[in-house]
Amino acid sequence: MKITMIGTGYVGLVTGTCLAEVGNDVLCLDVDARKITMLNEGRVPIHEPGLEPMIHRNVAAGRLRFTTDVDAAVGHAAVQFIAVGTPPDEDGSADMQYVLQAARNIGRRMTQWTLVVDKSTVPVGTADRVRATIADELAARGVKIPYAVASNPEFLKEGAAVDDFMKPDRVVIGAEDPRAAELMKELYAPFTRTGAPIMMMDCPSAELCKYAANAMLATRISFMNEVSNV
């Protein structure tokens, strides 16, 4: 399957590399030319056990490539993952400018049915905003091209991200469109052969799952810290 990964940060680079590892043709896009130059020279901008040799292996096999060319990235695949940063804004809320800019870039350039997958950590309702942003860009172009939006939150631990992706405890997929749901199941089938469940739901529920998991983790850490101080 051809896949474009928008963003080569921690989540995007790990996800794109692991998807290439099981045979997909992955093109990773980033606006940071320095980072793309590093990757094309065989250097890896983050440290994650097992990631560097996996990148080298898949680049050598022709399944993994890196670019700053937005036109090439959108034209590469009908499956576009958005894995850009959502840093805290001044009021503490997630800054959505990079996610929405990625959606605008897709809407301005897509020429075929496209599945846009939110992989970034985003607030509930983001899928609707991405869907509306793409619709606005298509309307500005005066074209009608079908598309779908899905939510696929990540549950990766630093230091174990490659193993977490290759052998997940569960895969959460939010998709209301039947074609999108089947495509996402097909994409994750190689990673769930050992019995890990693929949990299908609507997009808002998938977005909420990520925040619920983060809240549970924060609660456990706070509890352990309190216990250790007793």
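What follows draws every value from the coordinates through simple rules; no lab data is involved. As the structure is a computational prediction, the values presented were derived from the model and not from experiment. Glycine gets a Cβ as well: all are built from the backbone with ideal geometry, and neighbour counts include every protein chain shown.
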Can you give the FRET efficiency for A218 and H56, using 1/(1 + (r/R0)^6), R0 = 30 Å, r = Cβ-Cβ distance, to the nearest 0.05? 0.25
Quick one: go through segment 184-219 and flag any residue whose amide nitrogen is under 14 Å from the point 7 Å out along the Cα-to-Cβ line of V22. 184-199
Cross-link reach list, lysines versus K185, counting only Cα pairs under 24 Å and skipping chain neighbours closer than eight places: K2, K119, K157, K167, K210
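R0 = 25 Å: FRET efficiency of K144 with K2, Cβ-based, nearest 0.05?
With R0 = 25 Å, the Cβ-Cβ based efficiency is 0.65.
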What distance in nm separates the two pseudo spin-label positions at I46 and D89, each 7 Å out from Cα along the beta-carbon direction? 2.4
Lysines with Cα under 20 Å of K144, excluding same-chain neighbours fewer than 8 positions away: none
Label-point separation (nm) for N229 and T37, each offset 7 Å from Cα along Cα-to-Cβ? 4.7
Labelled set (i) 0.97; (ii) 0.94; (iii) 1.10; Rg/Rh (Cα atoms, Kirkwood Rh) computed from this model equals the value at (i)
Between T111 and V124, what is 0.36 nm times their sequence separation minus the Cα-Cα distance? Round to one decimal in nm. 1.9 nm
